[in-house]
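Down below is the structure, laid out as structure tokens.
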Amino acid sequence: MFSQFLVGLSSPFQKKNSGPPTAALFNKVKITPLGKKKDNKNHSSRFRVSQDRELQKLPLLKDAGSGVEREELFLQKLRQCCTIFDFAVDPLSDLKWKEIKRAALNELVDFVTHQRGVITEAIYPEAVHMFARNLFRTLPPPTNPHGAEYDPEEDEPTLEAAWPHLQLVYEFFLRFLESPDFTPSTAKRSIDQQFVIQLLELFDSEDPRERDLLKTTLHRIYGKFLGLRAYIRKQINNIFFQVLYESERHNGIAELLEILGSIINGFALPLKEEHKQFLQRVLLPLHKVKSMSVYHPQLAYCVVQFLEKDSTLTDIVIKGLLKFWPKTHSPKEVMFLNELEEILDVIEPHEFRKIMRPLFQQLARCVSSPHFQVAERALYFWNNDYIMTLISDNADVILPIMFGALYKNSKSHWNKTIHGLIYNALKLFMEMNQGLFDECTVRYKDERQRERAKIKEREEAWTALEQAAIANAEKIKAQLPSGNNQYTTAIDNEDLDGADPETLAETIKALPEKGETGDVEPVEAAVQRDLTRRKSFLPVDFETRRALIQHQQHKVDPST
């Protein structure tokens with residue numbers, strides 16, 4: 001649908017009698033070579049540059065008469081702003097006409113903001129068409145790293161080269177939507193589902209200025225058009241599913257989550273099953289994406305909003321976080337701890353008791369983390385008054401879980417700051433319940449003694465096993481006879497295969513008979529001496545050797 005709109009096929013944003021453009025010029029995207037950083041991070045999307053770009057300056061709207069004349073001049077300026085200019089290949093071209101368009105857009109913004117009764121029924125399709133003509137386009141390929149590799153201080157955002165005009169188009173459309181004269185029932189013929197899809201595609205722009213204005217625009221549309229609300233939520237979910245299970249890359253996740261945060265805040269109670277599934281199938285799995293650091297504050301806000309609406313979802317949320325808890329990425333683990341504290345700030349006491357065991361088992365692992373920021377962030381939970389109230393009410397369950405990690409790391413952790421925070425946590429536990437604290441101390445020391453006893457017992461068992469193996473080896477070596485039925489010989493497989501039968505017969509006759517030892521070296525001696533042949537010396541079974549020689553001497557035709 002988007003490509004049809006670009007090539008000029010039927011679209012609700014185009015005039016019915018307008019044909020496809022004849023010789024449009026495409027702006028080319030300049031791509032930076034690998035390993036070479038651009039000085040000016042300005043890229044341009046693929047705009048369909050207008051063929052006829054010579055604009056005439058029209059009279060000012062404030063000088064026009066009222067009624068039909070002003071409406072016609074308004075329409076002329078809207079059509080004039082549909083002209084697309086080149087900002088990438090040749091930024092200095094058409095400067096005069098670019099300025100005329102910029103002035104016209106500024107005038108339209110000011111006129112819609114301060115005048116009343118200027119948005120008539122004829123304005124709606126032209127205003128929407130002007131917005132679509134300027135903004136719906138093919139975005140350039142990404143140039144910056146994404147996710148955890150993106151550093152806002154080092155990697156400059158890629159800015160849209162055509163922003164001087166795009167910004168004014170966004171501002172006009174926002175004033176148009178927010179105008180008291182705006183009627184959604186009239187505009188819904190132009191702002192439909194196709195418009196929403198193409199608007200959502202723009203959220204993947206790398207320009208943060210555009211994404212910010214898109215966020216405001218989509219939020220206004222969601223508030224004005226009740227019939228599009230479910231469709232907008234569905235399409236946003238589709239973007240999230242694409243990030244989760246296909247690309248793991250999208251520039252507008254933070255802005256979309258920010259919109260959803262305000263939408264969730266307005267959900268009616270009790271929550272619909274659709275909204276609960278959105279939490280379980282979209283918001284919680286978004287915690288596993290590598291680029292979560294880009295949008296985590298907005299994601300955490302959405303999760304907390306759900307819990308403030310319905311506290312019974314606490315069990316689902318906590319178990320979901322523990323399921324996706326990072327194992328080897330410490331900065332991400334710190335983000336999870338930040339979100340966990342926000343959740344505990346709004347949790348109900350009866351819901352806390354349902355999840356406190358797995359929750360504090362994970363906190364104990366975080367306290368034991370060798371990464372001091374993870375351990376430090378986990379220990380900051382003991383500085384939160386509401387969390388300490390919850391811990392105090394359930395100390396008989398929480399203290400035995402946490403005591404081992406706190407006591408062990410109070411002596412063994414390499415960071416002195418962690419020592420101070422652990423002493424503070426132990427002191428608080430001691431003040432909560434002295435008897436339970438002493439009991440945990442005794443229990444911990446007993447467990448340590450049992451562990452040391454098990455380690456000692458295991459080491460002794462291995463030592464005894466090693467000594468038994470050495471003794472058995474010496475015993476077997478002493479019991480070996482001086483001669484046996486198997487000897488080594490200088491004849492190997494290659495000798496048998498390459499020798500003629502007469503030579504083999506003479507060789508086998510020279511071998512000692514079965515049971516005789518003679519001067520033939522036993523197997524042990526053959527293994528110990530240096531071997532110079534290509535193949536290893538193997539023990540010889542004389543009966544098999546003789547049978548093999550006889551077979552080679554008396555080959556019989558199979559047919560006989």
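The values are calculated or read from the model by the stated rules, or taken from the named source; none is laboratory data. Note that the coordinates shown come from a computational prediction; the quantities given were computed from them, not determined experimentally. Please note: Cβ atoms are built from the backbone with ideal geometry, for glycine as well, and neighbour counts cover all protein chains shown. What goes into the accessible areas is simple: the full protein's heavy atoms, side chains included, and nothing from ligands, DNA or RNA. Shrake-Rupley method; radii C 1.70, N 1.55, O 1.52, S 1.80 Å.
Some points to look at:
- Every condition in (1) touching a Lys or Arg at 6+ places or on another chain (Cβ under 7 Å); (2) within 23 Å of Pro285 (Cβ to Cβ) is met by Pro184 except one, and the failing one is (2).
- In segment 368-381, residue most open to solvent (accessible area, probe 1.4 Å) [restricted to those that are under 14 Å from Trp325 (Cβ atoms) and assigned to a helix (DSSP H, G or I)]: Arg377
Residue-wise test of (1) modelled with pLDDT under 90; (2) closer than 20 Å to Phe203 by Cβ; (3) among the aliphatic types (A, V, I, L, M); (4) within 15 Å of the chain's Cα centre (by Cα).
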| position | (1), (2), (3), (4) |
| --- | --- |
| Lys234 | no, yes, no, no |
| Asn237 | no, yes, no, no |
| Phe241 | no, yes, no, yes |
| Leu244 | no, yes, yes, yes |
| Ala254 | no, yes, yes, yes |
| Leu269 | yes, no, yes, no |
| Lys276 | no, no, no, no |
| Leu279 | no, no, yes, no |
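- Summed over segment 166-194, the residues that are part of a helix (DSSP H, G or I) and either among the aliphatic types (A, V, I, L, M) or surrounded by 21 or more Cβ atoms within 10 Å (Cβ to Cβ) (or both) give a count of 10.
- Applying the set (1) of a type in the set (Val, Ile, Thr); (2) farther than 17 Å from Arg365 by Cβ; (3) touching a residue at least 40 places away in the same chain (Cβ under 8 Å) to Thr389 leaves exactly one unmet item: (3).
- Residue in segment 387-396 that is in a helix (DSSP H, G or I), modelled with pLDDT of 90 or more and surrounded by fewer than 13 Cβ atoms within 10 Å (Cβ to Cβ) present: yes
- Note on segment 91-102: residues that are touching a helix residue (DSSP H, G or I) at 6+ places or on another chain (Cβ under 7 Å) and either open to solvent by less than 50 Å² (accessible area, probe 1.4 Å) or among the aromatic types (Phe, Trp, Tyr) (or both) total 1.
- Taking the criterion of being open to solvent by 40 Å² or more (accessible area, probe 1.4 Å), touching a Ser or Thr at 6+ places or on another chain (Cβ under 9 Å) and either aromatic (Phe, Trp, Tyr) or in a loop (DSSP other than H, G, I, E, B) (or both), the only residue of segment 65-90 that qualifies is Val89.
Residues checked against (1) modelled with pLDDT of 90 or more; (2) within 60 Å of the chain's Cα centre (by Cα); (3) assigned to a helix (DSSP H, G or I); (4) not β-branched (Val, Ile, Thr):
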site: Ala461; (1), (2), (3), (4): yes, yes, yes, yes
site: Glu494; (1), (2), (3), (4): no, no, yes, yes
site: Gly518; (1), (2), (3), (4): no, no, no, yes
site: Val527; (1), (2), (3), (4): no, yes, yes, no
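- Residue check for Asn251: under 26 Å from Gln194 (Cα atoms), open to solvent by 10 Å² or more (accessible area, probe 1.4 Å), in contact with a Lys or Arg (Cβ under 9 Å, 6 or more places away or on another chain) and not aromatic (Phe, Trp, Tyr): yes
Yes/no matrix, rows are residues, columns are (1) out of contact with any strand residue (DSSP E or B) (no Cβ under 9 Å at 6 or more places or on another chain); (2) among the β-branched types (Val, Ile, Thr):
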residue	(1), (2)
Gln193	yes, no
Gln198	yes, no
Phe203	yes, no
Glu206	no, no
Asp212	yes, no
Lys215	yes, no
Ile221	yes, yes
Ala230	yes, no
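- Count of segment 103-152 residues which are in a helix (DSSP H, G or I), open to solvent by 60 Å² or more (accessible area, probe 1.4 Å) and modelled with pLDDT under 90: 3
- Residue within segment 270-292 that is aliphatic (A, V, I, L, M) and open to solvent by 20 Å² or more (accessible area, probe 1.4 Å) present: no
- Segment 402-442: number of residues that are open to solvent by less than 40 Å² (accessible area, probe 1.4 Å), in a helix (DSSP H, G or I) and in contact (Cβ under 8 Å) with a residue 24 or more places away in the chain: 15
- Near pairs, Cβ below 8 angstrom, 6+ apart or cross-chain, from segment 234-247 (of a type outside the set (Lys, Arg)) to any residue that is not in a helix (DSSP H, G or I): Ile239/His250; Ile239/Gly252; Gln242/His250; Val243/Arg249; Val243/His250; Val243/Val289; Leu244/Val289
- Count - residues of segment 66-114 that are of a type in the set (Val, Ile, Thr) and free of Cβ contacts under 8 Å to residues at least 40 places away in the same chain: 2
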